[in-house]
Amino acid sequence: MSIAPVLSAGWLLLAPPVSAFAFSSLVVTVTRRPHLSTPRSLTSSAATNDVNRSIRLMMSSPTASDAAGVASYSTLPTKWRDVLSGGPNDKQQWNRMASNLFPPLAPSSHKGSHGRIAIFGGSEKYTGAPYYAARSALHAGVDLATVFCAEEATVPIKCYSPELMVQGVYSVEELDMLLDEEEGLLNELDRCRQSENLMTTEMNEAELAQTMEKLEHSNEKQHLLIQNELLKKDDEMEALAERLEKMKTLEEDLQNLKERREASVGNIADAITATFPTLHALCIGPGLGRHPLVFSAAEKVILKAIESNLVLVLDADALFMLSLKEYRSVLDKLRNYDRCVMTPNLMEMRRLNAAISSEADDEEEEEGSSPSIKNGLPRGYKNIIVQKGNTDTIKNDCLTMQCEEEGGLKRSGGIGDVLAGTITAFMALDA
């Protein structure tokens, strides 16, 4: 994985030229600001105007009327070495255009004017990831960053930085108790259903008549044996009735537990979605963990974000969730949502490809055809993909850019979280 040049935009700590080029290329790809203004110092250059026009087209959602303009994408470099091979004037031009992507500071600005973002992540085990993501967003220029996490993670994250607002929206211990209780009830119900005592022991009329006839013509010893047999049958019927009653009670308990579980999931989602009117962008995934009930809450949050037209950045465990079969419907709803950025590494990309390919196979079986797939992504997916790897690839349905720079060879944990937070910041500034 070589993402250091891309990440330099977030840290703003590398040499200015490298940082500026990484910053401009990343932001140009992942944002859609249709109202960019051209720097006064560049308006005299026809070539510069063409590049600015290309950027505007790329940042907006192209329509049929843009067909001629889309061809001007070719004026933009698609690889870092093409940018770096330019002369000093070209580099200064990219620096200036990159500066346009920041909203101007003004005396009338207030807290939050330059971006309010949130991170949904952070579990009992993973407390550093949401911190890195939120802190990177602050470094990239946003004013306010909130972390929604497990209650068990709130104190560590608060201790990492006083600049972050941290809100615990669920307790891992309570969610585990719900799952343990559900598992116990299901196991008990399964034992009742598989018990040999549940076999029907009711006698039909012919068996009853035959038994009564034996009873009338039997001697005293046979009479006692038949009576014992009838009593045994009665005991079995009574045991069966008790077990059926127990099964009914277990099913009622399971239904009540299901309602409590749904309420818990709903409370998590409501605590996060209630802040949507105040947010410019939401990142889901850093340190999220893989708790099934947290995934259920994340599903509700994603669907509500789409409904609210909120910018989404999906990373790490959020991408793992989308690769699961039970969440294919969410992946399908994201297909046409162009305000979503996904940041998969190689393994996460493979999982998503497999999920999408499986979905395509299902459609082929049902309809006799399947969507055209290129590199595992069906044509028509409007999400922005920032694929991390030996060669980093940034792509949407209009343009593909690559970073082949070697970058730092140390692959420390948290680098991807920094990238997710930085992209969230850029998307928030654009929003």
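Taken together, the values in this text are just the output of simple stated rules run on the coordinates, not laboratory data. Because the structure is a prediction, the values reported are computed rather than measured. Neighbour counts are summed over all protein chains in view; Cβ atoms, including those assigned to glycine, are modelled from backbone coordinates with ideal geometry.
Worth pointing out:
- Here the spin labels are modelled as points 7 Å beyond Cα on the Cα-Cβ line, and at ASP397 and GLU307 they lie 2.4 nm apart.
- Applying a threshold of 22 Å to the alpha-carbon distances of LYS304/LYS388; LYS304/LYS382; LYS125/LYS388; LYS125/LYS158; LYS258/LYS300 flags LYS304/LYS388; LYS125/LYS388 as lying beyond it.
- Length released on extending from SER113 to LYS125, taking residue separation times 0.36 nm less the Cα-Cα span: 1.0 nm
- Ranked packing of 101-109, 114-122, 325-333, most packed first, by mean Cβ within 10 Å: 114-122, 325-333, 101-109
- Residues in the stretch 403-418 that a label on ASN390 would reach, taking backbone N under 18 Å of a point 7 Å out along Cα→Cβ: 403-411
- For the peptides 146-158, 341-353, 177-189, the ranking by packing is 146-158, 341-353, 177-189, with the highest mean count of neighbouring Cβ atoms within 10 Å listed first.
- For ASP176 and SER357, the difference between the fully extended length at 0.36 nm per residue and the C-alpha to C-alpha distance is 61.9 nm.
- Taking trypsin sites (Lys or Arg not before Pro) across the stretch 244-314, the ones in a DSSP loop with at most 15 further Cβ atoms lying within 10 angstrom of their Cβ are ARG290.
- Computed from label points 7 Å out along Cα-Cβ, the spacing between ALA263 and MET247 is 2.9 nm.
- The gain in end-to-end length when the GLN255 to ASN187 segment is fully stretched comes to 23.0 nm, 0.36 nm per residue minus the alpha carbon separation.
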